[in-house]
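What follows draws every value from the coordinates through simple rules; no lab data is involved. Remember, predicted model here, so these are calculated numbers, not experimental data. Every residue, glycine as well, gets a Cβ built from its backbone with ideal geometry; the counts of neighbours run over all protein chains shown.
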Amino acid sequence: MEALRKDFLPEDLVPILDEYGINATIAVQAEQSESETDFLIDLAEKYDFIAGVVGWVDLCDKKLGKKLEKYSENKKLRGFRHVLQGEKEDFMIHPDFIRGLKLIHDFGYTYDILVYALQLESVIAMIRSLPEEQKLVIDHIAKPNIKDGRGLKWERRIREIARHPNTCCKISGMITEAHWIHWAYEDFIPYLDVILDAFGPDRCMFGSDWPVCLLAGTYGDVINIVNRFMEQLSAEEKDKVMGDNCLNFYALNLLKNKL
């Protein structure tokens, strides 16, 4: 993990975005703290290319409503995430957690679901407990075991999740689930085929997973995999995956003409 043991700040990302023609990004939490949320909001206010923030807040907090009222004053905070992959499977279906998810829905926030493939049964139960209008996105295609080529249960559960029209999927985080040194483009095709078929080009969105992707490759490696796979899509469909779907999901539609 040595590649990640340093600070990564907006000025480190700017030349990479310029190189690959990316003119806006969403900053997503990594640490489980409100101070991280405040830090990301502060960065978004200083750097125009950070179009939105997915922060963290304790969804089980009895004072959650008051905290959301405070956060609602900042228009760049678009949603929340918890590192569910580090929790027990029943965490995301606990009544207090579900209550918190319903409350962020009332405030118009999205929710990013960060889990391992083995947790998808609980994700399905969680989704069934939420309003059908709640915007949900699976991060990193739910981290199937690409390194060992295992994915049968993952595929069944992903397809079941995709039947809920309020769900989307981020095409991201794949190279770190493959062999970090010896991965090849062909390793990802079976998984990308499933995601595209299940969610369709209207509910898939590109994600870099930068800087975590540096454990197994570069930002360029990540975007080149997705671009190569999307050669089968129309220009309009590619635009959706590479930006339009993200703008719509995080309700940043008004930014489209400015970016």
What whole-number distance in Å separates the alpha-carbon centres of the stretch 70-139 and the stretch 192-211? 19
Rounded to whole Hz, the Karplus (6.51, -1.76, 1.60) HN-Hα couplings of the stretch 189-201, x for glycine and proline: 4, x, 6, 5, 4, 5, 4, 5, 5, 6, 9, x, x
Check the stretch 1-80 and count each lysine pair with an alpha-carbon distance under 29 angstrom, considering only pairs eight or more places apart or from different chains. 17
Candidate cut points under trypsin sites (Lys or Arg not before Pro) in the stretch 123-153, DSSP loop plus at most 15 other Cβ atoms within 10 Å of their own Cβ, are Lys147, Arg150
Considering only DSSP states other than H, G, I, E and B, which trypsin sites (Lys or Arg not before Pro) in the stretch 67-116 qualify as loop sites with at most 14 other Cβ atoms within 10 Å? Lys75, Lys88
Cα shape, the chain, gyration tensor, a/c 1.5 rule: rounded
For the stretch 35-43, in order, what is each residue's ³J(HN,Hα) by Karplus, 6.51 cos²θ - 1.76 cosθ + 1.60 with θ = phi - 60°, in whole Hz (x at glycine and Pro)? 5, 5, 4, 5, 4, 5, 4, 4, 4
Identify all aspartates and glutamates with a Cα-Cα distance to Lys238 below 12 Å; exclude those on the same chain that are fewer than 8 residues away in sequence. Asp202
Output wanted: per-residue J couplings in Hz (rounded whole) for the stretch 163-168, from phi through Karplus 6.51 cos²θ - 1.76 cosθ + 1.60, θ = phi - 60°, x for Gly and Pro. 5, 8, x, 8, 9, 10
Can you classify the stretch 86-212 as rounded, prolate or oblate using the Cα gyration tensor, where a ≥ b ≥ c are the square roots of its eigenvalues, rounded means a/c under 1.5, and otherwise it's prolate if a/b beats b/c and oblate if not? prolate
Given backbone amide H placed at 1.01 Å from N, residues whose amide H is under 5 Å from that of Leu77, ignoring those fewer than 5 places away on the same chain, are Val53
GluC sites (Glu not before Pro) lying in DSSP loop within the stretch 57-141, provided at most 14 other Cβ fall within 10 Å: Glu73, Glu132, Glu133
Could you give the semi-axes, largest first, of the ellipsoid that matches the stretch 134-203, computed as the square roots of 5 times the alpha carbon gyration tensor eigenvalues and rounded to whole Å? 22, 11, 10
